[in-house]
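S.K.: Structure incoming, see below.
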Amino acid sequence: MGPKALYPLGWTFRMATTALQQGEVPVGCLLVHKGEIIGRGKNGVNCSKNATRHAEMLAIEEALDWCKNDNLDKDAVFSETDLYVNVEPCVMCAGALRLLGIRRVVYGCQNERFGGCGSILNVASDQRSGHGQPIIQCVPGVFADTSVQLLKEFYKGQNPNAPNPKIKRFQDVSQTSLPVLDVSQPVDLT
Ligand SMILES: [Zn+2]
């Protein structure tokens, strides 16, 4: 994948940072279909007190609504949709993405606690799971260092003796309307 194909992943760091500022584990994701964002999500587990409100689940809901509103066949759409997320999807999310027949998952660092794309279980490509759906192409380790750094900020914040985390680097883009996120443009991560 060329650098341009990875631009959406840059945006996920900004969304993840917003989650972090709201006291969530910093995870953000985008679902991209033919260059268009059809779903976005940032982790909302703590705010909602619902352990299933992972970024990917929220993005999936938005994408399914998008299919419905545009009267498109969701199977056809998901077979040409890629997920960009800063952390490896967990077992739950990888299972949901597999059931929906998503084409590809591009992610940052590994999820060593719950990873469903190989770190703990391989829900993404195990032939025994997935209800006969094709395996998901996984592209791991993209901007992995930035992803790890962001997660460390969260765990530092959990420690009352730690200095204030430096989390104001990225602008909040999660509330902007969909067309404003131009994934054909790079995001400055410095
Ligand atoms: Zn998840």
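Every read-out reported here was derived from the displayed coordinates using simple, explicitly stated rules and does not represent laboratory data. Because the structure is predicted, anything quoted here is derived from the model rather than measured. When we count neighbours, we look across all protein chains shown, and the Cβ atoms used for this are built from the backbone with ideal geometry, even at glycine.
S.K.: Answer rounded, prolate or oblate for segment 26-90, using the Cα gyration tensor with square roots of eigenvalues a ≥ b ≥ c: rounded when a/c is under 1.5, else prolate when a/b is larger than b/c, else oblate.
M.R.: Numbers: a/c = 2.58, a/b = 1.68, b/c = 1.54.
Since a/c reaches 1.5 and a/b is larger than b/c, the shape of segment 26-90 is classed as prolate.
S.K.: How many Lys pairs in the chain lie less than 23 angstrom apart by Cα atoms, where the lysines are 8 or more positions apart or on different chains?
M.R.: Qualifying lysine pairs in the chain: 17.
S.K.: Per residue and in Å³, how big is the convex hull formed by the alpha-carbon atoms of segment 8-156? Let's see the in-between values first.
M.R.: On the way: hull volume 14.8 nm³, N = 149.
Per-residue hull volume (Cα only) is 99 Å³.
S.K.: Which one of CYS90, CYS47, CYS117 has the biggest mean-square fluctuation once the chain is modelled by GNM with Cα springs under 10 Å?
M.R.: CYS47
S.K.: Given axes a ≥ b ≥ c from the Cα gyration tensor, I'd like to know whether segment 1-64 is rounded (a/c under 1.5), prolate (a/b larger than b/c) or oblate. Mind dumping the intermediate values first?
M.R.: Details: a/c = 3.31, a/b = 1.56, b/c = 2.13.
Oblate shape, in that a/c is at least 1.5 and b/c is the bigger or equal ratio.
S.K.: Can you tell me which of 143-151, 129-137, 78-86 comes out highest on packing, and rank the rest after it, using the mean Cβ neighbours within 10 Å? Walk me through the intermediate numbers first.
M.R.: Details: 143-151: 18.3, 129-137: 14.7, 78-86: 23.8.
The most tightly packed comes first, giving 78-86, 143-151, 129-137.
S.K.: Let me ask something additional. Return the single residue from ASN46, ASN69, ASN111 with maximal mean-square fluctuation; model: Gaussian network over the chain, springs between Cα atoms under 10 Å.
M.R.: ASN69
S.K.: OK, next. Mind putting a number on the dipole of the chain about its Cα centre? Charges go on the C-beta only, +1 for Lys and Arg and -1 for Asp and Glu, and I need it in Debye to the nearest 20.
M.R.: Values: 19 positive and 19 negative charges, 96 e Å.
Once rounded to the nearest 20, the dipole reads 460 debye.
S.K.: Find which of ASN50, GLN133, ILE60 sits farthest along the positive direction of the dipole of the chain, computed with +1 on the beta-carbon of Lys and Arg, -1 on that of Asp and Glu, about the Cα centre.
M.R.: ASN50
S.K.: Mind listing which trypsin sites (Lys or Arg not before Pro) in segment 30-121 are in a DSSP loop and have 16 or fewer other Cβ atoms within 10 Å? Mind dumping the intermediate values first?
M.R.: On the way: sites: LYS34, ARG40, LYS42, LYS49, ARG53, LYS68, LYS74, ARG98, ARG103, ARG104, ARG113; in loops: LYS34, LYS49, ARG53, ARG103, ARG113.
Answer by residue number: LYS34, LYS49, ARG103, ARG113.
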